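Notes to accompany the following structure.
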Amino acid sequence: MKTVFVTVGTTSFDELIVNVTSSEAAQALKSRGYERLVLQVGRGSFLPDAESCPHIRLEAFRFKDSIADDMEQADLVISHAGAGSCLEALGARKPLLVVVNDKLMDNHQLELARQLHMDSHLLYCTCSTLTETLKTMDLSVLQPFLPGKPKIFANFLDKALGVQ
């Protein structure tokens, strides 16, 4: 069953949860073959129930010790633009659509999403453009995000500092 996993991390981002469970967004997902929508809603005040999204099977929870299994089972991850959530999804090698919270002041999340998008690692939008993005997105353009190599960097530092 094709699954979409949505995460807001430890934050509150009700606008994303409301928009992704709207009839229009759910229909856009359904038309792309997604049948299941799993929501991690964090500290938000909106916790939709299974019947609130008639086009698609809906599951929602606030927090778990780990969302690694949810990401692993997902065919698409939709996330807020928090660095931890983005890196976890990219590290799991999942197609990622980041929804930037454009209501935040001094929005560093937009900078992160924009750079990872320019490097072809993810797609991004805002809540107001989410449904249209779901209808038109082309996940085939995404490139894997290769994790850093800390050992090489550590060796470089050792040499530069004369430790070796």
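Some values worked out for this structure:
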| item | result |
| --- | --- |
| Subset of segment 52-88 that is open to solvent by 40 Å² or more (accessible area, probe 1.4 Å) and under 12 Å from the mean Cα position of the chain (by Cα) - its residue that is farthest from Leu116 (Cα to Cα) | Asp75 |
| Number of positions in segment 11-51 that are without any contact (Cβ under 8 Å) to a residue 60 or more places away in the chain, among the hydroxyl-bearing types (Ser, Thr, Tyr) and loosely packed, with under 14 Cβ neighbours inside 10 Å | 2 |
| Single residue of segment 109-141 satisfying the filter (of a type in the set (D, E, K, R), farther than 16 Å from Asn19 by Cβ and out of contact with any Phe, Trp or Tyr (no Cβ under 9 Å at 6 or more places or on another chain)) that is least open to solvent (accessible area, probe 1.4 Å) | Asp138 |
| Pair list, Cβ < 6 Å and 6+ apart or interchain, from segment 57-83 residues that are of a type outside the set (A, V, I, L, M, F, W, C) to residues that are assigned to a strand (DSSP E or B) and open to solvent by 10 Å² or more (accessible area, probe 1.4 Å) | Arg57/Arg36 |
| Conditions (1) at pLDDT below 95; (2) open to solvent by 60 Å² or more (accessible area, probe 1.4 Å); (3) not in a helix (DSSP H, G or I); number of the one not met by Phe153 | (3) |
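The rows are residues; the columns are (1) among the aliphatic types (A, V, I, L, M); (2) touching a Ser or Thr at 6+ places or on another chain (Cβ under 8 Å).
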site: Asp14; (1), (2): no, yes
site: Ile17; (1), (2): yes, no
site: Thr21; (1), (2): no, yes
site: Ala25; (1), (2): yes, yes
site: Ser31; (1), (2): no, no
site: Leu37; (1), (2): yes, yes
site: Phe46; (1), (2): no, no
site: Glu51; (1), (2): no, no
site: Pro54; (1), (2): no, yes
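The values are calculated or read from the model by the stated rules, or taken from the named source; none is laboratory data. It should be emphasised that the depicted structure is a prediction, and the values quoted were computed from it without experimental measurement. As a convention, Cβ positions derive from the backbone with ideal geometry for all residues, glycine included, and neighbour counts pool all protein chains shown. What goes into the accessible areas is simple: the full protein's heavy atoms, side chains included, and nothing from ligands, DNA or RNA. Shrake-Rupley method; radii C 1.70, N 1.55, O 1.52, S 1.80 Å.
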